[in-house]
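> Below you'll find the structure I mean.
The values are calculated or read from the model by the stated rules, or taken from the named source; none is laboratory data. As the structure is a computational prediction, the values presented were derived from the model and not from experiment. Cβ: placed from backbone, ideal geometry, glycine included. Neighbour counts: every protein chain shown. Heads up: the accessible areas ignore ligands, DNA and RNA and are worked out on the full protein's heavy atoms, side chains in. Shrake-Rupley method; radii C 1.70, N 1.55, O 1.52, S 1.80 Å.
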Amino acid sequence: MTVLESIKDPADVKSLDRTQLVQLSAEIRQFLIEKVSKTGGHLGPNLGVVELTLAIHRTFDSPKDIVLFDTGHQSYVHKIITGRAGDFDGLRQRGGIAGYPNRSESEHDVIENSHASTALSWGDGISFGFSQTGQNDRHVVVVVGDGALTGGMSWEALNNIAATENRNLVIIVNDNERSYSPTIGGLATYLSTLRVTRGYERFLDWGKEFLHKTPVVGAPIYETLHGMKKGIKDIVAPQGMFEDLGLKYMGPIDGHDIAALEKALTKAKEFGAPILVHAITEKGRGHQPAVADEAEKFHAVGIVDPATGTPLSKSATSWTKVFSEELLALGRERSDIVAITAAMLGPTGLDKFEKEFPERTIDVGIAEQHAVTSAAGMAFAGLHPVVAVYSTFLNRAFDQLLLDVALHKAGVTFVLDRAGITGDDGPSHNGIWDLALTGIVPTLHVGAPRDEARLREILREAVSISYAPSLLRFPKGAVQSDIPAFERRDGIDVLYRGESADVLLVSIGAMAAIAVEAASMASREGVGVTVIDPRWVKPLPTALVTMAQRYKSVVVLEDGIKHGGIASSISEMFREAGLATPIHSIGVPLEFIEHSKRAEIMNDLGITAQNIARSIVEWNSSQSDSTLSGTSMAEMQYPAHESADRKPLR
């Protein structure tokens, strides 16, 4: 039996000797490489926290002590130690374990949200709750990545935490960005230990009281000594900013030295007040392909060869790649275009723009609020910022979108990648809220391209809007083949013509392929379905009202939440126009959707061509006969002067 096979619970790691711990660390790394290479997931971050996670579980007693991760993608080792190693074949798969902590899996998991910079606030709240309810024997450990510290919310939390006392709160900064190797060693460990002993703190308190009572020279002497103390510390660990906040600091500690980590964490555990432990780790440690990946360190991988890290399947052209290419072309044409992202340079496709235009590319870190308001300022100064983020992360900057950008009619273009159902990464990564949220923002223009050609087209239209903000959205994965329109009428593309004017199917964005297939299926059941794509869904084209008058019913197909989505907006438009045509909505229900493959989720929701066609046929049959029933499509769909034989748009 391997050491790893003997680990079923955190208590099992406490009894291991140093040799066994070294062996266990190696086995965990090999296990991660083997399993994550088959399922995809966050490999690099977890290879870097093996020893750190072992030290945490050897020092603290989970679940009595609460362990929080920011972000949760670095929790794989935690899952292994807490008895879930046998479930890794199903990592991020339907019915398997999540790629982030999940309360339904284990009592050792607390935060399910995978958005960054939140755990310190969680830790502040939980530790306060423990102190208020007399649970003074419980500790809260927050493992926060150095990237998460680029988010303003982390510093808001630190500011509040530093002002508290009598809290069993240990903050571990997992720093895998820089190496402070000269300061890792005996002197740094000695000084760190000295500074968190209660005797040393009592000495400083006595000195402050005594010297401040000394006339004239007392206060300056104390300030000099206190400054010297801080200065010496800064020589060995340049992290004085934490102590400027009033937060006790230990480190830096070698994040791969379990003995050093345990010694530091034990001191921190005994301190009895909020304290920060700075651990230096290597992202991707133990896996040469990850270490050699300078850009990402295998932060997140798909299905790859475990030995080389090479993807096992050739990837098709993605939506992200198309956007990246078109933005680069626009950048060459217009010197006023600047690109902004929030720690997502590669994933959003801005890396190519940054390579050619580094002076016009800004990565603000995990600071979406700042990115959006800064973009408003740039627009005021005459630039045209393009802010590229994942759809789910725009949620974090809604106030700035509303009141800094839209209120001021700033010429900013937002590009939302991973819109709609994303699948594998669970509820907090699905981009299903953007259509509903942006629908209530005045002055904002929202476009939804259905394919590569429309993505390029709508992006160009968006950046041409200088008098108001614009936004476009597209899903994760491979871009679908171009779907040409038969014609464009008042900005609306007609994608499929039914034989009769039964149903007008309004397809939003990337739903077009499914919509056209469903219309074809419905036609075989005798139901005439015409499929249209408005391209721009805010403001909605007024021609929708005119077109809808000619049909028995309207069906809206979208990949966002139905509650407050595009169907709701169209329904409101019809009411204001006095149009009573029935509207049916197909979209995402108002609920959190657990991790699974995107296709599996879409099938669950009934968003497949077959299910949509069946629903359309059923809805149509339930409609009472009307005067429209005997009218031909040619008579009702088009004014007399228009031709139904126009060539498709390319």
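> If I compute solvent accessible area with a 1.4 Å probe over the protein chains, what percent of it on the chain is carbon and sulfur? Intermediate values should be presented prior to the final figure.
Numbers: 14370 of 26790 Å².
Percent of accessible area from carbon and sulfur atoms in the chain: 54.
> With the cut-off at 25 Å, tell me which of the pairs K35/K64; K64/K283; K14/K38; K476/K538; K8/K267 have Cα atoms farther apart than that.
Numbers: K35/K64 29 Å; K64/K283 29 Å; K14/K38 30 Å; K476/K538 22 Å; K8/K267 27 Å.
The pairs that break the limit, which is 25 Å between Cα atoms, are K35/K64; K64/K283; K14/K38; K8/K267.
> Pairs of lysine in region 288-419 with Cα under 19 Å and at least 8 positions apart or on different chains: total? Before the final figure, lay out each step's value.
Working: K297/K352; K297/K355; K321/K352; K321/K355.
For region 288-419, qualifying lysine pairs total 4.
> Does region 316-435 classify as rounded, prolate or oblate by the C-alpha gyration tensor (a ≥ b ≥ c root eigenvalues; a/c under 1.5 gives rounded; else a/b over b/c gives prolate, otherwise oblate)?
Since a/c reaches 1.5 but b/c is at least a/b, the shape of region 316-435 is classed as oblate.
> Helix 258-271 versus the longest principal axis of the chain: what angle, 0 to 90°, nearest 10, using Cα atoms?
For helix 258-271, the angle is close to 80 degrees.
> So what is the calculated 222 nm ellipticity per residue for the chain, using -39500 (n - 2.57) for each DSSP H run with n of 4 or more, over all residues, to the nearest 500 deg cm²/dmol?
Values: 25 runs with 250 residues, N = 650.
Per the formula, -11500 deg cm²/dmol.
> As an exercise, use a Förster radius of 45 Å and the Cβ-Cβ distance of D399 and A513 to find the FRET efficiency, rounded to the nearest 0.05.
Working: r = 35 Å, r/R0 = 0.79.
Plugging the Cβ-Cβ distance into 1/(1 + (r/R0)^6) gives 0.80.
> What is the mean projected area of the alpha carbon convex hull for region 378-511, to one decimal in square nanometres? Spell out each step's value before the answer.
Working: hull surface 37.7 nm².
Averaged projected area of region 378-511's Cα convex hull equals 9.4 nm².
> With a/c under 1.5 counting as rounded, go ahead and sort region 288-345 into rounded, prolate or oblate using the C-alpha gyration tensor (a ≥ b ≥ c being the square roots of the eigenvalues; past the cut-off, prolate if a/b is larger than b/c, else oblate).
Prolate, since a/c reaches 1.5 and a/b exceeds b/c.
> Which of the three applies to region 326-383, rounded, prolate or oblate, going by the alpha-carbon gyration tensor with a ≥ b ≥ c and a/c under 1.5 meaning rounded?
Working: a/c = 2.33, a/b = 1.11, b/c = 2.10.
Oblate is the answer for region 326-383, as a/c is 1.5 or above yet b/c matches or exceeds a/b.
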